[in-house]
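Structure, as C-alpha cells:
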Amino acid sequence: MPDQRISLGEAARRSGVPASTLKRWAEEKVVPVRKGRWTAAAAAQARVVSRMRERGYSLEDLKSAGKEGRLAFGFTEELFSGSQETYSIEEAAEETGLEPELVERILVILGTPLGQRELNKDDLAALRHCARVLAAGFPLVAFLQLVRVYAQSMRRIADAEVRLFHLYVHEPMIRDAIPELEMAEEMGELAADILPLAAPLTEYLHERYLRFFVEQDVVGHMEAGASMDTAEIALGHVNVTLCFIDLTGFTRYTEEEGDIEALDVVENFVATVEATMPREATIVKTIGDEVMVVSPDPTSLTEWAVEFLARFPQRPQPRVGIHYGDAVYRDGDYFGSQVNLVHRVVNRALAGEVLVTDAVCGAIAASERLEFEPIGEVSLKGFPTPTALFVVRGA
C-alpha cells in the first residue's frame, strides 16, 4: 500500500537521495513526513524533488509545489519495476548477436537519447526480441520502419494516458485541496488499479486490427491481380486511393467563435469521419482540422465522400480532394508526389465540394450513384503539367 511505513534507509534507496538530505528536506517540510515516518509516497516525492533540483528549481519553489499537490504524480513511478543492473552497447551487441551500430540505431528509434551508453535489463530484453525477429528472416529495412511505428504509437498512447489522468484526476484533487501525501496515495492506488487493464486492451486492439488488415491485404491482392502486374510496382510503393478532407475557413471560424467551440466542431468532424467511412478505408492521420484517409477502393471512398459532405450543411463545411495513384509507404504513412498532388487538389475545392482527378474517374467502374462534372485542366502548385479535375455529385 502507498502509506506503508518504510525506513529512512529504504527511502534513500528508493529515491536515490542520501539519507542526510532526506532528513533535512523532511525538517524543512520540503517533503511531508508525518512524525518522522517515511512512506513510499514520501520517498517518491523526494525522488521528484531531486530531479527538479537538477533542473534548477529552488527548494522553496518545490516546497510550495509539494503543498499544492503538483508533485504527487511521482508516486505512480513506484508501479514500474526497475533494475539496477546495467549493460553497455557492446555487451548488448554480444548478448544479442546484433552489430553495435544496429543496437544504437534501434535504441534511438525506441526513444533512447543518442549517446546513452548504459542499458538496463528491459532494454536488453527488447533487443533480444528484435534479434529474434531479424533472425527469422524479416527484412531489416521493413523491421526498422515497424519499430518506429510501434514507438511512435506507444509514445502517443502513453502521453494520452498521463495527460488525461492529470487533467481528470490530478487537477480536480488539487482544486479540492487534498493533502499532498493523501493525494499521492490515492493517485497511486487508482493508477495501480487501472494500469493492469492497459496491456490486455492493447493486445485485444492489436489482434483485432491485425486480423482486419490481413483480410484487406488478401482482398487487395485479389483485386489488383485482375487489373495489373504487381511486378510493375516498385518495392515499398502501393497503388491506393488518397483522400484529404478539411474544414473550409476553419481559421477564421476559430477567430470568430473561440477555441473551445472550434475544438468541439473538429471533434465532431473527425468522429463523423471515423463512424461513417467505408469499412476498407483507413484514417492515416489527423492534423488539426484536416484528415487523411486511404482506401484500396476508389469507388466506395468517392461515394462515401459525397454522402459525408451532405451531413454538414452549415459552416465550417468540409471539402474533399481524392486521387488514385502510386505512393511510397513508410513508417505507417504515405509519401510522394501523388500525396502532394491530392493535397493541392483539396486546396482547390470549394466548401461542400468533392474534387477528384481524372485518375479517380478512370479507376472507378460505372457508378449509378455518382455524376462527374469536368472543370478542365487546372495548374497546381509544384506540378508543371495541368491536372484534369472533376466535381463529383450524387446522381
Full-extension gain in nm, ARG105 to ALA198, via 0.36 nm per residue minus C-alpha separation: 30.7 nm
Cα lying deepest toward the dipole's positive end in the chain, options ALA198, MET52, VAL240, charges on Cβ: MET52
VAL169/GLU377 FRET efficiency (R0 56 Å; Cβ-Cβ; nearest 0.05): 0.50
Most positive-pole-ward Cα, ALA160, ALA349, SER295, against dipole of the chain from beta carbon charges: ALA160
Alpha-carbon centroid distance for the pair segment 236-276 / segment 308-329, whole angstrom: 9 Å
Under 29 Å from the Cα of LYS381 - lysines, other chains or at least 8 residues apart: LYS285
Nearest-ten-degree value, helix 259-276 long axis tilted from longest Cα axis of the chain: 60 degrees
Nearest-20 debye value, the chain charge dipole, Cβ charges on Lys, Arg, Asp, Glu: 1260 debye
Residue-averaged 222 nm ellipticity for the chain, from DSSP H runs of 4+ at -39500 (n - 2.57), nearest 500: -17000 deg cm²/dmol
Projected label distance in nm at GLU307 and GLU27, using a 7 Å step from Cα toward the beta-carbon: 7.5 nm
Hits among lysines - C-alpha to C-alpha of LYS63 under 26 Å, sequence gap 8 or more where chains match: LYS23, LYS29, LYS35
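Read-outs throughout are calculated quantities, based only on the coordinates presented, and are distinct from any laboratory measurement. On a predicted model such as this, the values are computed, not experimentally measured, just so you know. Quick reminder, even Gly has a Cβ in these numbers, built from the backbone with ideal geometry, and neighbours come from all protein chains shown.
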